[in-house]
Structures are given as structure tokens and as C-alpha cells.
Amino acid sequence: MKLELSRVIQGGARLGVLQGVGRTGQHSLKVPGCLLYTHFGTVPHLTQDTLQTVNNLPSVTQVTLSNIAEHQEVLEEFKEGFKTFAGLHNTVLYCSLHDPATRSPTGYATNKTVSVWGSGGRIELTASKFMALLKTVKPDWYQSMADGETWQTNTSRKRIRKSVDRTLAYLDECLLVHQKSQDLDGVELFGVVEGGDVMEERVRSARETAKRPVAGFCFDGLQTGSVDPALRTQLITSMTKELPEDKPRLLQGVGRPDEVLACVEAGVDLFEGFFPFQVTERGCALCFNYDVSPDPERAVLELNEEKHSAGDNVQPKGDLNCEDQTQMTSFEMNLKDKRYQDDFKSLVEGCGCYCCKNHQRAYLHHLLVTNELLAGVLLMIHNMTHYQNFFSAVREALATDKINLLKKRVNGEARNT
């Protein structure tokens with residue numbers, strides 16, 4: 001796995017391609033980009049056949065040990081690894097510790113163990129059990145064990161320091177097993193950077209993790225609602241200064257478009273693709289604008305606007321429930337609302353997804369209020385398409401120096417949006 005950068009903007013945002021991804025090294029992933037979010041290898045609401053109707057799917061599929069751990073015996077008996085077990089073809093399998101769409105209970109990490117939570121409850125993992133489980137899963141890359149229970153705002157500095165020490169100790173144990181295991185030959189390991197909201201601990205965690213032979217880095221404990229967005233950006237900027245430029249950086253637990261843009265500018269390469277699922281579960285459709293393509297009719301207006309606002313920090317519009325990931329955001333429309341029962345427009349004008357080309361808002365409203373399963377299918381198709389197109393727009397904006405325009409579009413501050 002090697003990150004080839006084509007542009008680095010203002011020492012922060014990075015544009016490039018992650019090459020040699022997977023055991024065979026045949027896959028690549030454009031950055032900034034996101035992973036394909038799944039529950040036990042399946043995208044929620046979608047069959048494998050339906051999933052293939054979505055364009056620009058990520059080449060990396062994310063699964064979580066919180067979903068897999070309770071099925072270890074079955075996978076051990078199967079022996080062919082999770083990718084074959086789940087029928088995942090032509091994809092790279094990335095295994096993380098926790099499900100980014102749900103918060104795990106805190107207070108269960110020890111010097112020797114971490115806990116994951118499946119449908120049957122809590123499962124405690126030592127480093128040896130963690131690595132044994134990964135040998136059974138046979139991923140292409142995975143994150144190391146980590147004590148990530150410091151995201152709460154009232155966490156003490158002593159507890160944060162302990163989480164950094166524990167995470168580094170876990171990493172050393174995982175690396176020892178990894179380097180001796182033939183089953184994990186060709187598999188990449190990402191070190192986890194912890195430190196809560198304490199700058200010194202974040203820098204120490206990043207510096208020490210960078211000294212280990214890891215393929216990349218996961219930034220943990222910075223998920224939406226756990227830290228002020230401005231502070232998060234400062235922490236990421238400080239961490240990235242301690243990391244090598246040729247290794248990718250994955251941010252866990254952040255999916256809102258405005259926060260994604262801020263973190264991209266701070267130097268993050270990869271994100272988890274759980275946000276479309278959360279929006280779908282709310283009965284909502286993503287509808288924010290990300291179009292940065294040239295438009296002759298608006299060129300003069302935008303040129304004048306950029307001159308007046310050059311260098312300005314764009315603030316998110318209607319920052320509704322930043323701390324509660326279960327609540328609707330300003331980037332989506334609530335199709336359960338009665339005003340959509342007679343609205344016969346497509347969800348988003350110009351969207352090329354199956355849902356927008358074949359159905360109207362009124363039909364989706366009907367499906368939602370009658371609790372039809374098809375509602376989740378159609379919304380997931382649209383939301384995934386919209387989100388992937390957003391990341392394509394991020395890369396285009398970085399390549400054409402239009403990142404400020406994209407921020408205005410996404411936040412609803414540009415004209416005619």
C-alpha cells in the first residue's frame with residue numbers, strides 16, 4: 001500500500017491515489033475518499049445485485065469486529081475468510097473495531113482488554129484473541145486494538161494519558177503477532193492515534209505511533225459530537241505534522257459534509273461511509289449542493305463573490321444537531337413531512353441515481369408513512385450515490401482550486417444554490 005500524492009494544498013489537503021491496496025495489490029482508492037459501510041458485509045437495505053446499480057462504489061469495504069466477533073466459531077469452521085463467506089467479490093476488506101454509526105458503552109477498557117458489543121452483548125478481547133479473530137476474518141487491512149473511550153467531554157487528562165499508553169501497548173502486541181503470522185502475510189495494519197481533546201497527548205500518540213511499522217493511521221475519538229469542530233481541526237493539524245506524508249490517514253466517526261471538508265483541509269485522506277445510512281434511517285434524503293462545475297451564467301457572480309470572501313472561514317448553515325447523530329441535519333430533507341405528499345419532483349434535480357430517475361418525493365413520502373421496506377432501499381440508493389458524488393466533487397475542487405466554492409455550495413451560502 002502506497003499513497004501517491006498529486007497535490008498538497010496549503011500544507012493540509014491532499015489529493016492523490018492510494019495504490020497497491022489489498023493482498024494482491026491490484027486495487028486503488030482515490031483520496032480524499034470514503035469506505036463502503038456495511039453491517040456484517042452487507043450494505044443496509046441493499047442486496048448485492050441492487051448495490052451494483054450504484055455508481056462510483058468505493059473499492060474498500062468496511063466490516064467491524066463488533067458485528068463479526070460473535071460469529072468467530074462459524075468463520076473458523078468455514079476457513080476461507082470473511083470475504084468469501086459474505087460473497088464479497090472484487091473488493092478490499094477493511095476491518096475496524098467498532099461500528100461508526102453507533103456509540104459503544106464506555107468504562108470497559110483495561111490494560112489488557114477492550115470490549116466490542118454485538119447483538120448478544122459484550123465481548124471482551126485481549127490482544128491474542130483480537131489477533132486470532134483477525135486471522136479468521138482474513139482482511140486486507142485492519143486497525144489495531146485501541147482504548148478509544150476518551151471521547152466524552154468530561155474525561156480527565158489522566159484517563160486520556162492512560163488511553164494513549166494502552167493503545168501503544170496494544171499496538172506493540174498486535175505488531176508482534178502480525179509479523180510472526182503467515183496467515184496475515186500481505187495484510188496491512190493501521191495504528192490508532194488517541195489522545196482525546198488534549199493537544200499534547202494527541203501529538204505524543206501520533207509521534208509514537210509513527211515510529212512503529214504501520215501502513216497508515218486511524219484518528220479515533222474525534223467523532224461528531226465528541227469534540228468542538230474547530231478544536232478537532234486543530235488537533236488533526238497537529239497530529240498530521242508528526243506523521244509521514246506517504247501513509248494514509250483515516251478519520252473515524254465523522255461523516256457530515258461540512259465536517260468532512262474541514263477535516264480534508266486539515267490533512268485527512270479517508271472517511272468511513274456511514275453517514276448515508278444514518279440519513280436513510282431517519283427517513284431523509286441528502287439534498288445539499290456540491291456542484292463546482294463551470295456555469296457561464298454564474299461565472300461573473302461567483303468571481304466577484306470569491307474576491308469578496310477570499311480567505312473567509314465558511315460556517316455551516318443551520319447547524320442543527322451537531323452533537324446528536326440521530327437527529328436530522330441541514331444537509332437532508334425529511335420526506336416524512338406532510339408537505340411532500342403532493343410533491344411530484346424527484347428527490348434532487350439532476351441526480352442520476354435509480355431513485356431520482358424513476359420516483360418522486362410524494363412516492364417516497366407514501367412509502368415512509370406506510371412503513372414499506374422499499375423506502376429504505378430507494379433512500380439508500382440515493383443517499384449513497386449523493387455521498388459518493390460529493391467526494392468526487394471534493395477531489396475535483398482540490399484539483400481545480402475551488403475548495404472555497406465547494407464549501408459555500410455545501411453550506412448553502414453561494415448564490416443560486
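Note on the range 106-153: among residues that are assigned to a loop (DSSP other than H, G, I, E, B), touching an Asp or Glu at 6+ places or on another chain (Cβ under 8 Å) and open to solvent by less than 30 Å² (accessible area, probe 1.4 Å), the one that is farthest from Glu272 (Cα to Cα) is Ala109.
Take the conditions (1) touching a Pro at 6+ places or on another chain (Cβ under 8 Å); (2) of a type in the set (Val, Ile, Thr); (3) under 15 Å from Leu222 (Cα atoms); Val187 misses just one of them, which is (3). Among the residues of the range 193-225, those that are touching a residue at least 60 places away in the same chain (Cβ under 8 Å) and crowded, with 21+ Cβ neighbours inside 10 Å comprise Val214, Gly216, Cys218, Asp220, Gly221, Leu222, Gln223, Thr224. Within the range 383-406, is even one residue surrounded by 21 or more Cβ atoms within 10 Å (Cβ to Cβ), within 12 Å of Gly283 (Cα to Cα), under 19 Å from the mean Cα position of the chain (by Cα) and touching a residue at least 60 places away in the same chain (Cβ under 8 Å)? Scanning the range 383-406, I find at least one residue that is surrounded by 21 or more Cβ atoms within 10 Å (Cβ to Cβ), within 12 Å of Gly283 (Cα to Cα), under 19 Å from the mean Cα position of the chain (by Cα) and touching a residue at least 60 places away in the same chain (Cβ under 8 Å), so the answer is yes.
Scanning the range 171-180 for residues that are more than 11 Å from Arg212 (Cβ to Cβ) and open to solvent by less than 80 Å² (accessible area, probe 1.4 Å) gives Glu173, Val177.
Considering only residues that are more than 12 Å from the chain's Cα centre (by Cα) and over 14 Å from Gln327 (Cα atoms), look in the range 265-287 and name the one that is most open to solvent (accessible area, probe 1.4 Å). Going through the qualifying residues, I end up with Glu265.
With respect to Asp183, determine if the residue is open to solvent by 20 Å² or more (accessible area, probe 1.4 Å), in contact with a helix residue (DSSP H, G or I) (Cβ under 9 Å, 6 or more places away or on another chain) and either closer than 15 Å to Val164 by Cα or assigned to a strand (DSSP E or B) (or both). No.
Just checking, does the range 302-310 include any residue being of a type outside the set (Val, Ile, Thr), part of a loop (DSSP other than H, G, I, E, B), farther than 26 Å from Leu97 by Cα and modelled with pLDDT under 95? Among the residues of the range 302-310, at least one is of a type outside the set (Val, Ile, Thr), part of a loop (DSSP other than H, G, I, E, B), farther than 26 Å from Leu97 by Cα and modelled with pLDDT under 95, which makes the answer yes.
For the range 1-53, name all the residues that are polar (S, T, N, Q) and either touching a strand residue (DSSP E or B) at 6+ places or on another chain (Cβ under 9 Å) or over 23 Å from Asn389 (Cβ atoms) (or both). Give the derivation first.
Here is the first cut: in the range 1-53, the residues polar (S, T, N, Q) are 6, 10, 19, 24, 26, 28, 38, 42, 47-48, 50, 52-53.
Ser6, Gln10, Gln19, Thr24, Gln26, Ser28, Thr38, Gln48, listed by residue number.
Of the residues that sit in the range 154-167 and are of a type outside the set (D, E, K, R) and open to solvent by 10 Å² or more (accessible area, probe 1.4 Å), which one is modelled with the highest pLDDT? Don't jump to the end; show me each part of the working.
Step one: filter the range 154-167 for residues of a type outside the set (D, E, K, R), giving 154-156, 160, 163-164, 167.
Filter again for open to solvent by 10 Å² or more (accessible area, probe 1.4 Å), leaving 154-156.
On the way: Asn154: 82, Thr155: 85, Ser156: 92.
Within the range 154-167, the match that is modelled with the highest pLDDT is Ser156.
The strands (runs of 3 or more DSSP E) located wholly in the range 1-61 that include 3 or more residues which are hydrophobic (A, V, I, L, M, F, W, C) and buried (at least 16 other Cβ atoms within 10 Å of the Cβ) occupy 13-21.
Please pick out the residue among Leu189, Leu231, Leu235 that is within 23 Å of Val264 (Cα to Cα) and buried (at least 24 other Cβ atoms within 10 Å of the Cβ).
Values: Leu189 fails: buried (at least 24 other Cβ atoms within 10 Å of the Cβ); Leu231 fails: buried (at least 24 other Cβ atoms within 10 Å of the Cβ).
Exactly one of Leu189, Leu231, Leu235 is within 23 Å of Val264 (Cα to Cα) and buried (at least 24 other Cβ atoms within 10 Å of the Cβ), namely Leu235.
Pull up the range 242-264, narrow it to residues that are part of a helix (DSSP H, G or I) and free of Cβ contacts under 8 Å to residues at least 60 places away in the same chain, then point me to the one that is most open to solvent (accessible area, probe 1.4 Å). Steps first, answer last, please.
Keep residues of the range 242-264 that are part of a helix (DSSP H, G or I), which gives 257-264.
If we keep only those that are free of Cβ contacts under 8 Å to residues at least 60 places away in the same chain as well, we get 259, 262-263.
On the way: Glu259: 7, Ala262: 35, Cys263: 1 Å².
Of everything passing the filter in the range 242-264, Ala262 is most open to solvent (accessible area, probe 1.4 Å).
Entry remark, the range 223-241: residues being touching an Asp or Glu at 6+ places or on another chain (Cβ under 7 Å) and either closer than 20 Å to Gly16 by Cβ or outside any helix (DSSP H, G or I) (or both) number 3 in total. If the Cβ limit is 8 Å and pairs must be 6+ apart or interchain, which residue in the range 27-40 that is of a type in the set (S, T, N, Q) pairs with which residue that is open to solvent by 10 Å² or more (accessible area, probe 1.4 Å)? Qualifying pairs under 8 Å: Ser28/Val17; Ser28/Gln19; Ser28/Gly20; Ser28/Ser59; Thr38/Pro44. Of all residues in the range 359-370, at least one satisfies being over 30 Å from Val17 (Cβ atoms), among the charged types (D, E, K, R) and open to solvent by 10 Å² or more (accessible area, probe 1.4 Å). All of Val260, Val214, Val279, Val268 fail the test of being at pLDDT 95 or above, in contact with a Gly (Cβ under 6 Å, 6 or more places away or on another chain) and among the aliphatic types (A, V, I, L, M), apart from Val214.
The values are calculated or read from the model by the stated rules, or taken from the named source; none is laboratory data. On a predicted model such as this, the values are computed, not experimentally measured, just so you know. All Cβ positions, glycine included, derive from the backbone under ideal geometry; neighbour counts span all protein chains shown. Heads up: the accessible areas ignore ligands, DNA and RNA and are worked out on the full protein's heavy atoms, side chains in. Shrake-Rupley method; radii C 1.70, N 1.55, O 1.52, S 1.80 Å.
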